[in-house]
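*Asks:* Take a look at the following structure, please.
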Amino acid sequence: MNLDIRHVIDESGLRLDGAPADDAAAVADVIDEFLDRLETAKQRDERVLRSLNDIWDAPVTEEVKFYELVYDSDPAVPLDLDRRRRLLIAIDRVPSWDEQPELVDLVNVLEVSVDGELVFAPSLALAHACRQLSRAVGCLNFESSGRSGLLQVEAEQLARDLHFVVDERTHVELFRDAVGIESMDEAAFEANVRSAFPCLRWVDRVWRGLGKFKRPYTEHRGILVKHLSTLNDVAAQLFNELSATSPEQISAGLGAHGVNASDENGRTKSDKKASKDRTREFEGEDHVFWWHTKLLPDTDRIHFKWLRSNDDGPGTIVVGIFIDHCHLPG
């Protein structure tokens, strides 16, 4: 079965319990983040599905249903008209999984247990069924629901950890974990990087290098995710803060995140063959990728380069080469 589903909207997680229902600013923040997640998923081509009808009766508070939040002209929960309209439009644009027979057939229960709490959540039951088939599916919900990151969900007496997505951190975590859950091959790994490592940029045809490691790609999947996650999350900030004053501390900064990385030494940089071997074109210009992380102490490298920002931002990390080892003089 081709399961191209990547997120469901968790109808049991649209609660505002964690944001005081009479605090308009807190409610607005929750709705804005939820809308951001939906928009981010759209921009990254991640398929989101919802229940056709059950979502509208989902409880937002003890007294308010979801349909009342978006439709009532004077809802009990303070939410401005603009946000109510944007929320309604966003939900209306999400296709319904329970109109697709092949997905309906996967769901045998309507109630599941989330971290020990029994809830009516058909969409979570679908996500649980997908996880049984080795497909990682994110559960989009309100941050105020208290659900975030990996939580145990039990259905039909089977417990599985599901990803509850409420912000960028939990969003990318889903796709990083999906690499192992789905045993992604090289092509799937490449297709996944936009969601797993959204801050990184890539040289054209860099993915050919996944087959040039000394060890098989499948043995490196986990450490590739770890190294690329660190490059995505902290590397640009480290280079931006330290390159002008304390460049020798950059390696230690990456090492603090469990990644062995270094610049090439002066002898290597003065060698023409070494320079050529590390040169790649990116956005119409040639760049030499001296910096590299070490998947193994003596072989298998990820070569990257930090590009300084033209504004006050931290800059960009470009991944240029996957290889066993570039040329070294002598």
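The values are calculated or read from the model by the stated rules, or taken from the named source; none is laboratory data. Because the structure is predicted, anything quoted here is derived from the model rather than measured. Ideal geometry is used to build each Cβ from the backbone, glycine not excepted, and the neighbour counts take in all protein chains shown.
*Asks:* Given the conditions (1) within 27 Å of the chain's Cα centre (by Cα); (2) not in a loop (DSSP other than H, G, I, E, B); (3) not aromatic (Phe, Trp, Tyr), which single one is not true for Ala19?
*Replies:* Ala19 satisfies all of (1) within 27 Å of the chain's Cα centre (by Cα); (2) not in a loop (DSSP other than H, G, I, E, B); (3) not aromatic (Phe, Trp, Tyr) except (2).
*Asks:* Of Gly258, Gly253, which residue is free of Cβ contacts under 8 Å to residues at least 40 places away in the same chain and assigned to a loop (DSSP other than H, G, I, E, B)?
*Replies:* Gly258
*Asks:* Among (1) surrounded by fewer than 20 Cβ atoms within 10 Å (Cβ to Cβ); (2) within 23 Å of the chain's Cα centre (by Cα); (3) outside any strand (DSSP E or B), where does Leu151 come up short?
*Replies:* (3)
Okay, residues lined up against (1) crowded, with 21+ Cβ neighbours inside 10 Å; (2) in a strand (DSSP E or B):
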residue	(1), (2)
Thr268	no, no
Lys273	no, no
Lys276	no, no
Arg280	no, yes
Trp306	no, yes
Val319	yes, yes
His327	no, no
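*Asks:* Now for a different question. In the stretch 2-54, which residues are in contact with a strand residue (DSSP E or B) (Cβ under 8 Å, 6 or more places away or on another chain) and without any contact (Cβ under 8 Å) to a residue 60 or more places away in the chain?
*Replies:* Lys42, Arg47, Leu52
*Asks:* Right, something else. Does any residue of the stretch 211-229 turn out to be at pLDDT 95 or above and either in contact with a Pro (Cβ under 9 Å, 6 or more places away or on another chain) or outside the structural domain of Thr316 (by TED's automatic domain parsing) (or both)?
*Replies:* Within the stretch 211-229, not a single residue is at pLDDT 95 or above and either in contact with a Pro (Cβ under 9 Å, 6 or more places away or on another chain) or outside the structural domain of Thr316 (by TED's automatic domain parsing) (or both).
*Asks:* Residues Ala178, Ala159: which one is at pLDDT 95 or above, out of contact with any Phe, Trp or Tyr (no Cβ under 9 Å at 6 or more places or on another chain) and exposed (fewer than 15 other Cβ atoms within 10 Å of the Cβ)?
*Replies:* Values: Ala178 fails: exposed (fewer than 15 other Cβ atoms within 10 Å of the Cβ).
Of the residues listed, the single one that is at pLDDT 95 or above, out of contact with any Phe, Trp or Tyr (no Cβ under 9 Å at 6 or more places or on another chain) and exposed (fewer than 15 other Cβ atoms within 10 Å of the Cβ) is Ala159.
Matching residues to (1) within 26 Å of Leu126 (Cα to Cα); (2) in a loop (DSSP other than H, G, I, E, B); (3) not hydroxyl-bearing (Ser, Thr, Tyr):
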position: Asp4; (1), (2), (3): yes, yes, yes
position: Ala28; (1), (2), (3): no, no, yes
position: Ala41; (1), (2), (3): yes, no, yes
position: Tyr67; (1), (2), (3): yes, no, no
